[in-house]
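Engineer: Pasting a structure below so you can have a look.
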Amino acid sequence: APMEPHTAVAHFEGDKLTVWASTQTPFGLQRALTRDLGMSSENVHVIAPFLGGGFGGKINFDQAIQVVKIAKIAGKPVQLAWTRADEFFYDTHRPAAAVKIKSGLDGSGKIVMWDYGIYGMGGRGAQLFYDIPHNRITIYQRHHLVKTGPWRAPDNNTNSFARESHIDLMAARAGIDPLDFRLRNIKDEKFQRVLKAGADKFGWTPAKKFPSGRGCGMACGFDVGVPVVLFAEVEVNESSGAIQVKRVVCAQDLGLVINPQGIALQTEGCITMGLGYALTEEINFTGGRIHDENFDTYELPGFSWVPEIEMVLIDADDQPSKGGGEPAIICMGGVLVNAVYDATGARLTQIPMTPERVRKALAERA
């Protein structure tokens, strides 16, 4: 839900067309227009001005196709801008999904069996970086009632939430500290280095005690070749169900870092955006009808939500550079649900973790 809505301007001049469009895929738009209009690519000029937020949602360019058709009929330059209600109705949404996991441990705390089923979305982020000899990952495709599409680190947010929630459950069942449990079950030395560096920065210690209603958690992820680990401290108001994130530490191995300031900003953006999908952002619909029309019912993170954010970049100058625009966001659901459990003893199994769902989980805890 970027602040800038989908917008475009189309102008025909003789046999030439110029389109200014808010899109992440200008060349894809050019190909679509040349195909639909029967024009040569030399005569279709697409200009993509500075984007007012995209995050995957502006890979699609329906508004540009619409405005070109209108401009062709009108014979005049035309601008089209979707209203916020149009955004919620026409745009794509992150696919809803359910994940079912069966697992097994041996006596030493090693994971020996992993049966992972995804219902309703893809498998990005489901690939194992834990060392499990007997494993199966199955994707069950389902049709959705509303349009779905890319959302920053598609699928990996949900898969990481499910996997890391379950990993913490297994650690608790084995009676092993969550950090030690992960170190036992991840052999990759680079990943272990990220885990240890993040834990040192956060000050993770087994059985660390916080005041009532406060707790900490951790979660691991892997995206576009980047191992990433998040640690978080939260405070939960058990009366209201509100979650306040106090501190987040992000450790990742991005290879050779070319622009440290850019990586810092991307990481802060990922963590802030991750607060939304983890805590509040949810589409309400009945059948195929979406009820949300603006940000009064679709709550986005505000500046007052942003916690203290610290970053650890692993020194890997001998490795090629990797993208830092998405990895940090994938663990936000997992790290916060684990921290909430540590703070309250209530295990949530659905995101976003709205106050209503938190209160329900608190009432149902053993």
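Engineer: Gain in length, LYS190 to SER240, computed as 0.36 nm per residue apart minus the alpha-carbon separation, to one decimal in nm?
Structural biologist: Details: separation 50, 0.36 × 50 = 18.00 nm, distance 4.10 nm.
Value of the extension gain: 13.9 nm.
Engineer: Considering only the range 7-90, what is the antiparallel percent among its DSSP beta bridges, to the nearest 5?
Structural biologist: Counting DSSP beta bridges with both partners in the range 7-90, the antiparallel share is about 70 percent.
Engineer: Given an 8 Å cut-off on Cα distances and at least 6 residues of separation, report the relative contact order of the range 256-334 as a percent.
Structural biologist: 54 percent
Engineer: So which trypsin sites (Lys or Arg not before Pro) in the range 264-366 are both in a DSSP loop and have at most 11 other Cβ atoms within 10 Å of their Cβ? Before the final figure, lay out each step's value.
Structural biologist: Working: sites: ARG289, LYS322, ARG347, ARG357, ARG359, LYS360, ARG365; in loops: LYS322, ARG347, ARG365.
Counting only loop positions with at most 11 other Cβ atoms within 10 Å, the trypsin sites (Lys or Arg not before Pro) in the range 264-366 are ARG365.
Engineer: Can you sort ILE329, ILE47, ILE351 so the residue with the fewest Cβ neighbours within 10 Å comes first?
Structural biologist: By the 10 Å Cβ count, ascending, the order reads ILE47, ILE351, ILE329.
Engineer: Amide H to amide H under 5 Å from ALA242: which residues, 5+ apart in sequence or cross-chain, H placed 1.01 Å off N in plane?
Structural biologist: ASN237
Engineer: Taking the chain as a Gaussian network, Cα atoms linked when under 10 Å apart, which of SER321, SER239, SER160 shows the biggest mean-square fluctuation?
Structural biologist: Top of the fluctuation ranking is SER239.
Engineer: Amide H of VAL112 versus every other amide H placed in the peptide plane: which residues, excluding those fewer than 5 positions away on the same chain, fall under 5 Å?
Structural biologist: Result for VAL112 returns GLY104, LEU105, ASP106.
Engineer: Where does the chain land at 222 nm, in deg cm²/dmol rounded to the nearest 500, when only DSSP H runs of n ≥ 4 count, each adding -39500 (n - 2.57), divided by all residues?
Structural biologist: Numbers: 9 runs with 116 residues, N = 366.
So the calculated ellipticity at 222 nm is -10000 deg cm²/dmol.
Engineer: Let me ask something else. In whole Hz, what ³J(HN,Hα) sequence does the range 258-269 give by Karplus (6.51, -1.76, 1.60; θ = phi - 60°), x for Gly and Pro?
Structural biologist: Values, residue by residue: 8, 10, x, 5, x, 5, 4, 5, 4, 5, 4, x Hz.
Engineer: Given Cα pairs under 8 Å that are at least 6 residues apart, what percent is the relative contact order of the range 98-364?
Structural biologist: 22 percent
Engineer: Assuming R0 = 25 Å, what is the FRET efficiency of ILE47 and HIS144, from their Cβ-Cβ distance, to the nearest 0.05?
Structural biologist: Efficiency at R0 = 25 Å is approximately 0.15.
Engineer: Quick query: amide H of SER321 versus all other amide H atoms, modeled in the peptide plane; which residues come in under 5 Å with a sequence gap of 5 or more or a different chain?
Structural biologist: Counting only residues 5 or more places away or on other chains, the set is LEU256.
Engineer: Report the residue, chosen from VAL228, VAL248, VAL146, that carries the largest GNM mean-square fluctuation when the chain is represented by alpha-carbon nodes joined by springs under 10 Å.
Structural biologist: Of the options given, VAL146 has the highest mean-square fluctuation.
Engineer: Tell me, what ³J(HN,Hα) does each residue in the range 285-292 have, in order and in whole Hz, if you take phi through Karplus 6.51 cos²θ - 1.76 cosθ + 1.60 with θ = phi - 60° and put x for Gly and Pro?
Structural biologist: Whole-Hz 3J(HN,Hα) from phi for the range 285-292: 8, 10, x, x, 9, 8, 8, 6.
Engineer: Taking the range 60-189, how many lysine pairs are there with alpha carbons less than 23 Å apart, if each pair must be eight or more places apart or span two chains?
Structural biologist: Pairs that pass both the separation and distance tests number 5.
Engineer: When you count, for each residue, the other Cβ atoms within 10 Å and take the mean per peptide, how do 49-61, 71-83 rank with the highest first?
Structural biologist: Numbers: 49-61: 16.2, 71-83: 14.1.
Result, highest mean first: 49-61, 71-83.
Engineer: For a quick check: sort MET332, MET353 by the number of other beta carbons within 10 angstrom, fewest at the front.
Structural biologist: Ascending Cβ contact count within 10 Å gives the list MET353, MET332.
Coordinate-derived values only; no laboratory data. On a predicted model such as this, the values are computed, not experimentally measured, just so you know. Note: ideal-geometry Cβ built from the backbone for every residue, glycine included; neighbour counts use all protein chains shown.
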